[in-house]
Each structure stands twice: as structure tokens, then as C-alpha cells.
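Quick notes on the structure that follows.
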Amino acid sequence: MVKKSDRHDIISLKKKVELHDKKIELHEKKIELSNEKFNLYERKENERVEEKIDFLSRTQKLLQIKNLCNVRGALEFIRSQIILSSIKNLSFSEPNDKALKVLSDNEEFIKELTHACEANFLRYNDVQRSLGGLYHAASKNFHGHEKDIVIDSRSFTKNEVFVLGVLFRHFNVPFNYCDENGKLVEYPYKV
């Protein structure tokens, strides 16, 4: 015969087991939800990457169609983007260098340029000064229209090469880089 106290202990133990089983079940549901959340995040991240690749591809095609596949043409494209999104009243007759200087007031671009300067151990003020004369420098070394935009380090100062890379990344303009030996190599700066 089972004593009353033993019966109470058995019931109590059963309740503890049931509670433990529920905790395990909840923990498994949490893991399942975490996995679903991670999968959703991963899908969204992949979609963003695909959208960026698609946007870069469309920008490249637009530049090719408009015969702007050179540094100067890319700067003209960027100028049009600045003018279209600018709060300041700039017209398409404004010099390209003036339109590029408007970026000096754009907080998002300043933050991006500052971060890139720090990552590459460059002085922000020196790089920012290069921004103003960039179009003029690109016009001096105008080499016609190519299939791809190439930043040729033989035609620009180091600061100009750097700020061109930051500008092109900021405006999603795909480009290649040519070193001082005339070879296509990886762009040397982190942007």
C-alpha cells in the first residue's frame, strides 16, 4: 500500500517532469523561431546584395548607352545625380566642380569620406581639396569612351584616385583601377 506522503511525492515529481518537458518544448520552439528569423535575415541580406548588383549593372549599362564610360563621363553622371537631389539651386549649366563641391555639405557623403580616409590613413582635408578640381583633372586626361570606367593612377594624384573611388562607390558607379604600370589591378583603397 502506498502511503499518502509517497503519493504526494509521486504527484509532485510528475508535475516537475511535466514542467520540465514544457520548458524543453518552449526551448525547442525558441530555437525554431531563431532559425526562422536567421533564415529570413539571410534571405533579406541576399536580396539586398542582388539588388545592389542589379543596380550597379543597370548604372553600367546606362553609362555605356550614354557613351559616358570614362572618368569624366562618370563625373558628369554624378553631377546630374547631385543636381537632381540637391536642395541648393544648381543648374545643369553649373561647372561640374561646383556641383561636386556641394557634396562637401552632404552629411552622408562627409561621413562616408571621413570613414574611408581613416581606414586608409589619409588626411580628410587633403582629400577634400582634391574634390574641387576633380572634373578638371579628368578633362585634362580625357581618353574617350571605353566599355568600362577605369581610374588610371598615371593620370591622377593619389588623393584624386582615392576620392574618385569614394565618389564612384557612393553613387554606385562600377569602375576598374589601373596602376602606375598601366595594369588593371584591385583598387588599392578601402572604401
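The values are calculated or read from the model by the stated rules, or taken from the named source; none is laboratory data. If you're wondering where the values come from, they're calculated on a predicted model, not measured in any experiment. Cβ atoms come from the backbone with ideal geometry, glycine included; neighbour counts cover every protein chain shown.
Miscellaneous remarks
- Taking every residue in segment 132-158 that is farther than 17 Å from Phe77 by Cβ and at pLDDT below 75 and pairing it with any residue that is part of a loop (DSSP other than H, G, I, E, B) and charged (D, E, K, R), at least 6 positions away or on another chain, the pairs with Cβ-Cβ distances below 9 Å are Asn141/Arg154.
- Unique residue being farther than 22 Å from Ala99 by Cα, modelled with pLDDT of 90 or more and not polar (S, T, N, Q) when the list is Leu184, Leu164: Leu184
- Only one entry of Asn106, Asn125, Asn96, Asn67 meets the criterion of being within 26 Å of Asp152 (Cβ to Cβ) and at pLDDT 75 or above, and that entry is Asn125.
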